[in-house]
Structures are given as C-alpha cells and as structure tokens.
Protein chains: 2
Amino acid sequence: MEGKERGVVPRKIKGFRDINASLNSIRWHIIESASKVYRSYGFEHLDTPILEYADALGKYMPDSDTVDRGVYSFKNPEIEPVYQANGRELRDQDNKVVMDNHFLSLRYDLTAPLSRVYAERMWTRHLKGAIHPGKAPLFRRYQFGPVFRFETKLDPGRFREFWQLDFDSVGSNNIASDAEVCMILSEALQAIGLDKTDFRIKVNNRKILKGLLLDIGVEKEEEEQAILRIVDKLDKIGRAGVEAELGKGRKDKSGAVIPGLGLDPSRTNRIIGFIETFAELNPSRTEVLEELSSKIGNNEISKAGLEELEQIDRVLKNVGMNGDVVYFTPSLVRGMAYYTGPIFEVESTQSYTDEKGIERRVGSICGGGRYDGLVENLLGLKAPASGASIGVDRLAELMMLTGKSKGDVVSPVLITVLDQELMPEYQKIAAQLRRSGVDTEIYYGPNPGFKKLKKQLSYADKKGCPVALMLGGNELEKGVITVRNLKLGSEIADTVTDKGEWRRLTQSEVNLKDLVTHVNSIL
Amino acid sequence: MEGKERGVVPRKIKGFRDINASLNSIRWHIIESASKVYRSYGFEHLDTPILEYADALGKYMPDSDTVDRGVYSFKNPEIEPVYQANGRELRDQDNKVVMDNHFLSLRYDLTAPLSRVYAERMWTRHLKGAIHPGKAPLFRRYQFGPVFRFETKLDPGRFREFWQLDFDSVGSNNIASDAEVCMILSEALQAIGLDKTDFRIKVNNRKILKGLLLDIGVEKEEEEQAILRIVDKLDKIGRAGVEAELGKGRKDKSGAVIPGLGLDPSRTNRIIGFIETFAELNPSRTEVLEELSSKIGNNEISKAGLEELEQIDRVLKNVGMNGDVVYFTPSLVRGMAYYTGPIFEVESTQSYTDEKGIERRVGSICGGGRYDGLVENLLGLKAPASGASIGVDRLAELMMLTGKSKGDVVSPVLITVLDQELMPEYQKIAAQLRRSGVDTEIYYGPNPGFKKLKKQLSYADKKGCPVALMLGGNELEKGVITVRNLKLGSEIADTVTDKGEWRRLTQSEVNLKDLVTHVNSIL
C-alpha cells in the first residue's frame, strides 16, 4: 500500500457530515412537531427533487463548468432541446432543434423549487393568457429536506449540506397571512420544546427601509441591496463599521481593505440615525409603531410598510400575542434580495458555554418574509408569496448545546451469545420481548461465546443498551436467565466501586417465564 | 417573449418528480412503520450526505466530466490534496502536495455510503494494524432517503431519483443474521399494511450457483458475472432466450443482435437444467433443500451455500416461519456483483389493472443479501456484512395501484373570507378549532368577499376540505355561522340533483358557541 500512488482514503466531503442516531432523533422530533403545526394551518406536504435545472431555479446559468454563486452545478450528461420563452423548441437556421447539455444544480433552498413547481403548474394557462394578473391561485405547502451551498470559506459549525423545514403560501397577498407566519413559528417552536422566553420573533418590513433610501436618493436596486447588506452587518461590525463601509471603507482586523460605498456623510447619518433609534431598545410593538410613524416622513412606500406592520400587530393582538414573542425590529434586514414586504427572523435568546468556557449564542434559527417577485422571475406573472423556514440543523444543534434535548435514543436490550447452539432460544426470547414492545437485539458480531462475554457487554455499553441478557446451557436447564441492568450499572458506577457489590446490585437470575415482565419493569 | 432566443421553461429534469401530499403520506407511512420494526431489532438511525467523493463510494473515477456507469458525477469546485493509500498526502518530485479537483457523486444507493462510514471509522485503527482479521466490530444501522441513477433509457414508471429504506449489519458473519433479514422484511411489510399473502420473500445463496459454475469450468469472475446476468433474465426472455444468450446469441424483437457468451451446449444445458429444476415449482423449503442436495454434487462452495440455506431454514422454523412467506428459489440471481452469500428478493404477488385493462404486477419491492467484500474494497480489510432494502417508491406505487392505501390526506377545515373586516373573528374561530385538534385554514387567496364565495368553495373542494365555514356580518350579529359539510356534499352529489335539497342536506346554521362540537361531530 506504500508508494507514490493515488489511493482511496474513506472520507466525507468538507462541509458534509454523517448524522448519528442521537442527532437524528432531535432532527426528526423537530420535523414531526413542526410539520404537525404547519398541517394544522392548512399547509400540505410537498417534496421536490434534490436536483433541478439551474435555470428553473431562477439562477442564471453558470458560464463555465465550475460552481457559481455558491451553488453546486454541473452539466447534464443527457443532451436535450433548448427552449424559447414561449415554450417552443429553439431552432437554428436550418430549422433543426438546438440541443444542449443543460446545467443542473443541487437545490440551494426550498423556496426556489416551490417557485418552479408553481410556475410549472401555471405554465400552460399562463401561455394562453388565462391567468388574470393579481388572481394567481392559492397554493400552501410545507417541505423539508437537505439543501446545498458551496461556501468557499466555511465558518465553524456551518455546513454545505443542511436541512430546512419551510412553509409558504403562494398566491396570497393578504397581510393576515404574514401575521400568521409569526403565529405558526411561535407555535411550532413551542411544540418542538422551546419555552416562549427561549426565542424572539423579530419582524420588519422591507418597504420601510426602501422608502427611507428612496428619500435620500437611492433608486437603483443594486445600490439599495449593497446598502442593506452593510446595514445587515450592524451586529457584527458595529456602528463605526457600518458608517465606514457606507462611506470611505475600512480595514478589517487582518488589515485587509474593505472598500466603502462612498455615500456622503449626510446620507450615511440618515441611515445610521434611523437604525440606531431602534437598534438598542426592545420596546413594545406599539412604541415601535409610534416611533416609526414619526420618523418615516411622507414617503408612500415607507408608509405602506408601516401600515402592514400595524395590520400584523392587530392580527397578533387579536389572537392574544401581545408582545412577549413577536417584536418589531426596524433594523432587521435579512440577506436575500428577493424579499419585498414583511420579513421575519427568529433569534434564540438561549446561550451555552463552549469548550473554552465562553458564553455563546446560536443566533438566528428561522427566517422568512414576503417575496412577491420570485415566481414572476420564472413565470412573468406576479404571484405574491410569503412564508418562513426553520433551520432544522441549527435548531437541533441549539437544543443539544443548551440541554433542551439530549437526543435520547432508546437503545435495544442486548441478548448476548454465550453458546451458538442456543441461537434458537435467543431468537425465541427476542421475539417474545419484541412482541411486548421491547426493542431487542441478538449479538451477531465477532467474538461470540462465553469467554468473549466482556467484549459483547462492551458493545452493549457503547450502544447504550439498558439491559443485557445472558443465557448459557446450565441456566437453560434450570429454566432461568441472567439479567444485567446496564442502566443502573452506569448510574452507580462511580459510587459503588466494589465489583462484587456492583454485580449484586445490577445482576439477577430470573425465571425464564418472568423475563418479559422483569425486563419491562427495568425499562 | 417571442423570438429566436433561449428562454426559461419551468420544468423538472427527466426522471425526477414532485411528490404531492397524497404520495407523501404513503411514503412516510412506509418509512415510519418499517423504521419502527428495524429499531426493534437493534438497528440505529444513520444519515449520510447526498453527495460523496466518487472514489469513497467504491466506484472508480469517471475518466471525463461526463457521467459514467449510471452515476451522476462532477468535479468538486474546490481543489484539495491527493492522498496515497496509506493516508498520507501525495507529493510530487519537488515535494509539493499534489492537488486536484476530486470527482463528487450523488449517492447511487445507501450501501456504498455505509461502507464509507464504516471504513472511515475504522481507518486509523486499520492503518495501525489494530483490527484483527475476522474481528471487525459490529455496526447495525438503518437509513432512508433518495438515491440517484443516471439511466440513459428510462422505462415507464422508473425514476432517476427514488427512495430506499435500508438496514444492514456490518461486522456480522453469523448466518442467523441473514435469517433475521427475512424476519424483519416480513414483519416490516406487514406493519406497513400488506397481508402475508401479498408478497413472497425469495431466498437463494450465491455460493450454490458459483459452485455449479466452477464445476463446469467457469473460474473468472467476469465470466461468472456475465452468466449470472443472463440467468437473471429468465423471467423476461424465457428458457430459449437464456439458452441463446449463453450460447450463440440471438436477435431481439426489434431485430437487434444480442451477442452470446459462446458457451458450449453441454455447459449451457447444465446451467439451464439446474435452473429449470426449480424455476417452475414453488415447493416447500424442505423439498428445495432435498432437491439441491441431490443436484449440487461435491463442490465445496455449493455445499457451503446449501448448508447456509439449511441454517436459515432452521432459524425461521424456530420462530414459526414455516414456509408461507419465505421461499427458497435457486434460480434467483439479483444484479449486484457484490453479493457473496445469501441473497433476498421480495416479490409482490398482487396484481392491478392498468389503463388498458391489462393485469400487471409491480414485481420486486425489496432486495438484499450478504456482501462480505464491499468494505474490503475501501478498507482493505474483510468486514462481513448483510442487509436489505425496501424500495419505498415502488412499494408506495404498489399500494396506490392495488388500493392497499389511497394516500389519504386529512385536509383542513376552510374558513372562507366573506368580509375582510371580520378577519379577527376568523382568526379566533381558527384558533379555537385548532386547539380542539381540527386542522383549520383561513382562505388568504385572491377573490375574497361574499360575491367570490364560489371560487373559495371551489378551492376547498379541490383541496379535499371536509368542511367550509361561512361567516358574514349579519350572522355574526346573530351569533351564528354557516357550516357546509363538503364531505357529505360530494358523497351525495350524484344522487341528490336538486340544488335546494342538496344545500338543505349539507348546510346548516350553527350557534357560534357550538361550532367546535359541531365540526368535530362531522369529522
């Protein structure tokens, strides 16, 4: 195996990981609890492919074989027709259908595939002009599963494959459905096991900042996005950092130069001043609405945004959500460029202590908002939409770290194999225990036989088995079986140091007829 | 939008599909029911990435950027070190680490990733020589999720992305664990809702045919595999077809020439004769064992295979499985080249009638076997393993087609929006119903208002809502609400043609205080 040759090392791709039984139990607890809440609001379960045409996800095609914009893409091995925007095949000057290997992408979220599903369903009607603008039909779905991002720099605790759990309403322009997003997130997180005080749902409206920026002369969408991206970093780089990046630029800790947008100080001050009014306090929603009302001036877009927040506030108060869970946060930006109205972010208030003894927070665990333009990009037809996503893996990590869930897995009772000839007996006992509802494994690994009992018990210990059963020929003749309570064994391991004593406390000989009852009494 | 330019058509990749709520309900019923059985036998839940290094899946690297051997592969956008088989980085003559963009693959099954996980865990110990041959530790896991195959020709009903649900024991060479595979499959399929008579578990042992082929001088593995692939087609192409393909070749229906292996007639007859002895009858396992014992002659490998089948038979009889579910089928081959011992295939005995009125079968719904060489390919160390896989999507399709499951989804009660001003009331009613356990949706789509009630009810009908609620201002004043029983409505739609009569039967005015009780009585 030595030598200067390529070899295969069994390994995972960087940023990808295996999920063990413990983490899986939390992951599925989250998915099942929240899905039940989603269904109770009328969302139906949809699943879409992991792999999609790159262009049908609303991204422009990468220009080369390499991955672009954080998406894993590659060329379809199959050659297929190229289409025109009217749905017909594109033909060359000899009237031959133009063929190509189209780019495929691993989905980077669950929202883009939803847009594709909706657009695909509406496509024929749309081409016939049969959908009236503003009357795009309602479709409410939830979906969960892995999404993929190719991030070149991977921060600790971040992954390139991670799970999301989304719910969205397409075809809904009723602002009550945005208020409902808050209700659902709150209910889902509590169903998962968080307390009301463990999280805060922060709400803002993109229109408010958009109006403010229009007021100071920012009209181009790229400029708006660039400013929002910087404002979004307020928590990370502070007021001075934001000020510098909006203006002349700055050097970061490593000395690298971060160029500024070059806004003049008066504009920068307007932006910073607005954000700062709200950044440091967490007043009631009513106070924020009053403060906003006095700050936003006469811009129509900002006013529309404020009116939407007021509506959300009314709906929430009406169902008894008076401000202990949902907060209005006018400095909230959220990255995605496609948001057009209300935006949501759920922040965990829980902290944990890391290996170095430093208190840390997980931060954002859910996000969402209204994105009235997303389907339009694919369909050319306005289909308003809003929804949110739970970051399943983030939340699972949080629950592990803060002790909200230990990812407890019910491990099986282990029947050790002391004598291969007794396999039929082991099988019968296992079947009896399973019928009584007790998960039961027979040890099929290497090292069977009485002399290797220690190795088998070590397997049981590692697997977290609560009970191990030992049956040899002599015992079978007497009609008894030895039961070791491994759960108790590990509990008293520190206090009971005498081996004989420990064995006496954890091990007992039980009549075979009473075994099922006895094991059930231990569990 | 016209013109000779590329456009985006919202569409799925060929061979990929969306899964609606109905199919999802069957899929998850299958996964949850079978997983519970798997856990009861001591298998723990593992999840692995969708994307893996191509070489770590045990496939050789594709030579180009195109997809090879039915696997979706592409080059990692990230450049990384190349390793030697001893785990060290490969260096060039200037002692610089050789870097490359490694090939990545979408997993094509769940067995190869399991081998990678096991090999990765053992890797360090293996390099140190700390694992004794034959003592590879036991690891039992189950896993479910999508796998991907690039099949150039896609038969109807076949997909390029489909779900599997596997359980495997690595490190187990105990033949009792192979018998257990049959027990688990039988129990899982019954937990899912199939009757004992709906399926047959067919069992064979690769060693039996291997021995037979050795007896007639087939020693090369490629030749053995080629013969097995042809024998595997017995059901499809019949005796004459198999005979021709083993010998001189044949022409298929389309006239295409299928070359033969060129075996001489005496060898072909030995193979065909052996297979035919068993192909047409389904005798008891005991009879098959007797027949085998008289046929296989003195070849040691065949005898070992027979002895394993005998062991499996004993274990199964011991737990009361006397031959109504598990059958020995010496003609069973199964495609995968990696099987080394017992092999399993579950065949559905149910048939359904297709659109053309033809009676059809779904065929194989589960498969598995012992593959003692798979981990060895990655680790260089023998780690015996066996297990099986339920074809989730195949089984879901079967259950749909045969009426075993209709994929029933519980749709929500719909609160129609007759008056936007009453939204607070709608919200309160929805919250009350949800608290009582009734899924409830408020209509947030286009067309709100009393005049558009018909469109809202049509949305409810399409979604399968059992009940629609209608509340206007007048009704609210009187403290009542109109309840329409849509479930009953669609049941009597054919028999009650008078509109007034139909409405009288399905619609009633209910006191708001009694609403929750009333709705629950309908559901």
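Read-outs: derived from the displayed coordinates by stated rules, not from any lab. Quick caveat, the model's predicted, so the values are computed rather than measured. Quick reminder, even Gly has a Cβ in these numbers, built from the backbone with ideal geometry, and neighbours come from all protein chains shown.
Is the stretch A:203-214 home to any residue that is within 12 Å of chain B (Cβ to nearest Cβ) and closer than 30 Å to A:Ser40 by Cβ? No, that holds for no residue. Picking from residues in the stretch B:107-125 that are closer than 13 Å to B:Phe139 by Cβ and among the basic types (Lys, Arg), the one that is nearest to the chain's Cα centre (by Cα) is B:Arg116. Reported count of residues in the stretch B:337-350, each being more than 24 Å from B:Glu222 (Cβ to Cβ) and touching a Leu at 6+ places or on another chain (Cβ under 9 Å), is 4.
Got at least one residue in the stretch A:295-307 being in contact (Cβ under 8 Å) with a residue 12 or more places away in the chain, assigned to a loop (DSSP other than H, G, I, E, B) and surrounded by 14 or more Cβ atoms within 10 Å (Cβ to Cβ)? The answer is yes, given that some residue of the stretch A:295-307 is in contact (Cβ under 8 Å) with a residue 12 or more places away in the chain, assigned to a loop (DSSP other than H, G, I, E, B) and surrounded by 14 or more Cβ atoms within 10 Å (Cβ to Cβ). Only one entry in B:Ile481, B:Ile522, B:Ile415, B:Ile492 is farther than 22 Å from A:Leu138 by Cα and buried (at least 19 other Cβ atoms within 10 Å of the Cβ), namely B:Ile481. Within the stretch B:137-167, being within 9 Å of chain A (Cβ to nearest Cβ) and either outside any strand (DSSP E or B) or free of Cβ contacts under 8 Å to residues at least 24 places away in the same chain (or both) holds for B:Pro137, B:Leu138, B:Phe150, B:Thr152, B:Arg160. Scanning the stretch B:127-142 for residues that are over 24 Å from B:Gly305 (Cα atoms) and in contact with a helix residue (DSSP H, G or I) (Cβ under 7 Å, 6 or more places away or on another chain) returns B:Ile131, B:Phe139, B:Arg141, B:Tyr142.
Candidates are the residues of the stretch A:438-454 that are of a type in the set (Val, Ile, Thr) and free of Cβ contacts under 8 Å to residues at least 40 places away in the same chain; the one that is surrounded by the fewest Cβ atoms within 10 Å (Cβ to Cβ) is A:Ile442. The set of residues in the stretch A:421-437 being exposed (fewer than 15 other Cβ atoms within 10 Å of the Cβ) and either more than 8 Å from chain B (Cβ to nearest Cβ) or touching a residue at least 40 places away in the same chain (Cβ under 8 Å) (or both) consists of A:Glu421, A:Arg435, A:Ser436, A:Gly437.
Run down B:Gly241, B:Gly247, B:Gly260 and say which single residue is over 23 Å from B:Tyr371 (Cβ atoms) and in contact with a Pro (Cβ under 7 Å, 6 or more places away or on another chain). Step through it out loud before you land on a result.
Details: B:Gly241 fails: in contact with a Pro (Cβ under 7 Å, 6 or more places away or on another chain); B:Gly260 fails: in contact with a Pro (Cβ under 7 Å, 6 or more places away or on another chain).
The unique qualifying residue is B:Gly247.
Can you spot a residue in the stretch A:109-128 that is surrounded by 22 or more Cβ atoms within 10 Å (Cβ to Cβ), facing chain B (nearest Cβ under 9 Å) and either among the small types (Gly, Ala, Ser) or touching a Cys at 6+ places or on another chain (Cβ under 8 Å) (or both)? So far as the stretch A:109-128 goes, yes, one or more of its residues are surrounded by 22 or more Cβ atoms within 10 Å (Cβ to Cβ), facing chain B (nearest Cβ under 9 Å) and either among the small types (Gly, Ala, Ser) or touching a Cys at 6+ places or on another chain (Cβ under 8 Å) (or both). Restricting to the stretch B:168-203, and then to whatever is touching a Phe, Trp or Tyr at 6+ places or on another chain (Cβ under 7 Å), outside any helix (DSSP H, G or I) and not hydroxyl-bearing (Ser, Thr, Tyr), can you tell me which residue is surrounded by the fewest Cβ atoms within 10 Å (Cβ to Cβ)? Taking the candidates together, the pick is B:Arg200.
Among the residues making up the stretch B:339-359, those that are touching a residue at least 40 places away in the same chain (Cβ under 8 Å) and either touching a His at 6+ places or on another chain (Cβ under 6 Å) or of a type outside the set (Val, Ile, Thr) (or both) are B:Tyr339, B:Gly341, B:Pro342, B:Phe344, B:Glu345, B:Glu347, B:Ser348, B:Gln350, B:Ser351, B:Tyr352.
Assess whether A:Pro133 counts as being closer than 30 Å to A:Phe43 by Cα, more than 7 Å from chain B (Cβ to nearest Cβ), over 23 Å from the mean Cα position of the chain (by Cα) and in contact (Cβ under 8 Å) with a residue 60 or more places away in the chain. Yes: the conditions hold for A:Pro133.
Determine, yes or no, whether B:Pro466 is at the interface with chain A (Cβ under 8 Å from one of its Cβ atoms) and not hydrophobic (A, V, I, L, M, F, W, C).
Details: at the interface with chain A (Cβ under 8 Å from one of its Cβ atoms): no; not hydrophobic (A, V, I, L, M, F, W, C): yes.
In short, no.
Can you name the residue in the stretch A:474-490 that is within 11 Å of A:Gln507 (Cα to Cα) and of a type in the set (A, V, I, L, M, F, W, C) and, of all such residues, is farthest from the chain's Cα centre (by Cα)? Here the answer is A:Ile481. Exactly one residue out of A:Glu291, A:Glu287, A:Glu222, A:Glu245 is in a helix (DSSP H, G or I), in contact with a Gly (Cβ under 8 Å, 6 or more places away or on another chain) and not hydroxyl-bearing (Ser, Thr, Tyr), and it is A:Glu245. Scanning the stretch B:269-288 for residues that are buried (at least 16 other Cβ atoms within 10 Å of the Cβ) and closer than 25 Å to A:Met423 by Cα yields B:Arg285, B:Val288.
Could you check, for the stretch B:455-463, whether at least one of its residues is within 13 Å of B:Ser411 (Cα to Cα), out of contact with any Leu (no Cβ under 7 Å at 6 or more places or on another chain) and surrounded by 21 or more Cβ atoms within 10 Å (Cβ to Cβ)? No, the stretch B:455-463 has no match at all. For the stretch A:399-419, a residue qualifies if it is out of contact with any helix residue (DSSP H, G or I) (no Cβ under 9 Å at 6 or more places or on another chain) and either in a helix (DSSP H, G or I) or under 30 Å from A:Ile131 (Cβ atoms) (or both), and exactly one does: A:Leu401.
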